[in-house]
Amino acid sequence: MGKKAQKMKSVTKSKTKAHKQKVKSHKKNKISKPKYRTKQRSESQDKYKKPEAPLTDYLAHKSNYIAVRFIFECGIKLGLKHITICSAAVYFHKFYKHVDANTYDNYSIASATLYLASKVHDETARLRDLINVCYHTLHRDAAPLRLAEDYWNFRDSIVHAEMLIMRILQFDTTFDHPHNYFLHYIQTLRPVFYSKHGKDIIVFKKAYDFLHDFYHSSDILQYKAQHIAIACIELAIKVYGIPSQIIDYEIQPWYQALVEDLDKDTLWKAMAAIMDTYDLELTD
Amino acid sequence: MTNLNGVLTPPSTPSPNLLQMNMAREREKYLEEYNFPFCEAATKFEKLAKIGQGTFGEVFKARDKKNHKFTVAMKKILMENEKEGFPITALREIRILQLLKHDNVVSLLEICQTRATQFNRYRSTFYLVFEFCEHDLAGLLSNTKVKFSLGEIKQVIQQMLNGLYYIHSNKILHRDMKAANVLITKTGTLKLADFGLARAFSAQKNGQPNRYTNRVVTLWYRPPELLLGDRNYGPPVDLWGAGCIMAEMWTRSPIMQGNSEQQQLTLISQLCGSITPEVWPKVESLDLYNQLELVKGQKRKVKERLKPYVRDPMGCDLLDKLLVLDPAKRFDADSALNHDFFWTDPMPCDLSKMLSQQTQSNFEYLAPRRLNNHQSSAMRPASTVPSQGTSTSTTSGFHERVF
């Protein structure tokens, strides 16, 4: 199989010379990039309105992190529910858990997981919409895709990839998302962390952001849904340092009232995993 | 799968034809030889007989080639619209079956596939592999040699309601309740099968009524709210079917065999009384209420007409509670299970003894006599239906046709 993959690659290589140059030129620019990003982030914390993130040039990167960002971007453009997009990300991670990272094209698999997730969650995206959105997210300045050979090839490849994903997933498209637990915990916690100035809302919103960002990491598959939900909330509480008179961590941490089987070690590991997600962004 | 690279390739760089042909050939060879790590080949099973056929596809009895005692039922996934990828109906069915694990629900063992070859245009066929059940209820009922005692009937109905209670509490609607979809193993365990039309349901979201399709459930078992075009329905649709099946345990053939939606509604009115806002307050809001012709002035005679067959007052009473026009007033699975019918003598009793006399499988598909019978009785106009058969029925236990 490996030999085969190499051969396939060599075929496509000749085609993508122009594309490769693009990659190179991008790498040169990269040195200045982190600076820009860190600056932007410190701003976003103070200001109410976030500045717009720069558009990602997906073809310049090849990592699972970037591919999940691609899933999120396309999913939002298609107007899919959060939970659908999250499922797509999970399918993507599950797929690459079993498959050699270089055998299949990241973005074809990403598009197909999105299509599959939209079917699973009963809000089927039209395949043509999906192709157009994915294509123009990859090639931002390209002319509208005509109903010609390329279109039919994309369509074929997404359908094939979907079949392949189904088989690699062993037809198991169920996943216990942390969202349900998260909502339940937040509702229970709100009175405990109540703050007059609405700080609790900011904290919980941040926790929700952590949860969604965590889908960029394959570690999402490693932890129980309940534990992830708790870890996100705890991390947000730690980041913002909101005090609560009712809770004394020395006597009993708050989360033990909600989940029985979560010890401190697991929680810290999960929180570390969430934080590690943000390092993935820089290592592509 | 070279073509997976499709999205990455920059647009409009036509490659020489020769290269493309080579690629295509390579791809075909690759597909033929590819071994999917988690999806076993269907060739590990040996087909023994076809046991079902319908809109959903074909069902086969098969056995494991390595272990001949291990028999399974294989259901082919129809890929009618392969351009849209994996069929959404199959996806639903698989998800629902993976979710449901209960004694009274058929269990999905695995999914296997055929190898991609040039003969199937490199598209594999998938099979759902189920545990094998020896009989289906429609097959058993059409076999006059099979006789159910009252205790055995109670056992069948109780298991069916248990299964329904379980799937409803898991927020799943079956949407195709009929005798042929109720399987019974040789040890007497009942299993609900064929979740091809099933779906998850929820209470109304943000005050918006649900908009499910109402083109579900086999006509003879279809409840009045679906016939009137309701799209915001729920578990009661399955309980109507359960009521029809329960009556069938005594009558031995489906109780209302209409050949059109209109006629089915007429048959329902003749049994359960006219459909009016008095007995069913919200009926006026249903789409087809004003468009379809509804029989007026019919009295409800469920007990009266079923008594000659059922001859058990408790059984009649439960049927009367299940075959209720207004879905809001129809019994749910829980209250049906608490009905005195199951808690009075004769109590539900083991089926295995009675079934041990059956050396052959009883499937509706393999019982052509019953099929013909269906057709002939379904063709009869509705007006000839009432109460002719009922006068003779008290004396003998079983009937070929009723109503």
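The values are calculated or read from the model by the stated rules, or taken from the named source; none is laboratory data. The model shown is predicted, which means the values in this text are computed figures rather than measured ones. Here the Cβ is made from the backbone with ideal geometry for all residues, glycine too, and neighbour counts use every protein chain on show. For accessibility, only protein heavy atoms count, side chains too; no ligands or nucleic acids. Shrake-Rupley method; radii C 1.70, N 1.55, O 1.52, S 1.80 Å.
Can we say B:Ser169 is surrounded by fewer than 24 Cβ atoms within 10 Å (Cβ to Cβ), at pLDDT below 95 and farther than 21 Å from B:Ala73 by Cα? The answer is no for B:Ser169. The set of residues in segment B:38-48 that are open to solvent by less than 80 Å² (accessible area, probe 1.4 Å) and either in contact (Cβ under 8 Å) with a residue 24 or more places away in the chain or within 14 Å of chain A (Cβ to nearest Cβ) (or both) comprises B:Phe38, B:Cys39, B:Ala41, B:Ala42, B:Lys44, B:Phe45.
If I filter segment B:134-150 for residues that are open to solvent by 20 Å² or more (accessible area, probe 1.4 Å), under 30 Å from B:Tyr233 (Cα atoms), in a helix (DSSP H, G or I) and assigned by the TED database to the domain that holds B:Arg311, do I get at least one hit? No, segment B:134-150 contains no residue that is open to solvent by 20 Å² or more (accessible area, probe 1.4 Å), under 30 Å from B:Tyr233 (Cα atoms), in a helix (DSSP H, G or I) and assigned by the TED database to the domain that holds B:Arg311.
For segment A:134-157, filtered to residues that are under 22 Å from B:Arg123 (Cα atoms) and of a type in the set (Ser, Thr, Tyr), the residue that is nearest to the other protein chains (Cβ to nearest Cβ) is A:Ser157. Looking at the structure I just gave you, is B:Val156 of a type outside the set (Phe, Trp, Tyr) and outside any loop (DSSP other than H, G, I, E, B)? Yes: the conditions hold for B:Val156.
Scanning segment A:170-204 for residues that are of a type in the set (A, V, I, L, M, F, W, C), surrounded by 14 or more Cβ atoms within 10 Å (Cβ to Cβ) and in contact (Cβ under 8 Å) with a residue 40 or more places away in the chain returns A:Phe175, A:Phe182, A:Ile186, A:Leu189, A:Phe193. Candidates A:Ile131, A:Ile109: the one that is within 9 Å of chain B (Cβ to nearest Cβ), open to solvent by less than 10 Å² (accessible area, probe 1.4 Å), within 13 Å of A:Lys77 (Cα to Cα) and at pLDDT 90 or above is A:Ile131. The residues of segment B:284-302 that are in a helix (DSSP H, G or I) and over 26 Å from the mean Cα position of the chain (by Cα), listed by number, are B:Glu284, B:Ser285. Tell me which residues, restricted to segment B:322-340, are charged (D, E, K, R), within 23 Å of B:Val283 (Cβ to Cβ), surrounded by fewer than 21 Cβ atoms within 10 Å (Cβ to Cβ) and in contact with a helix residue (DSSP H, G or I) (Cβ under 8 Å, 6 or more places away or on another chain). If the condition is that a residue be charged (D, E, K, R), within 23 Å of B:Val283 (Cβ to Cβ), surrounded by fewer than 21 Cβ atoms within 10 Å (Cβ to Cβ) and in contact with a helix residue (DSSP H, G or I) (Cβ under 8 Å, 6 or more places away or on another chain), then B:Asp326, B:Asp332 are the ones that fit. Based on this model, can you work out whether B:Ile111 counts as buried (at least 21 other Cβ atoms within 10 Å of the Cβ) and within 30 Å of B:Lys29 (Cα to Cα)? Considered against the rule, which asks whether it is buried (at least 21 other Cβ atoms within 10 Å of the Cβ) and within 30 Å of B:Lys29 (Cα to Cα), B:Ile111 comes out as yes. Apart from one condition, A:Arg167 fits all of (1) touching a residue at least 24 places away in the same chain (Cβ under 8 Å); (2) within 13 Å of chain B (Cβ to nearest Cβ); (3) open to solvent by 10 Å² or more (accessible area, probe 1.4 Å); (4) not in a loop (DSSP other than H, G, I, E, B); the exception is (1).
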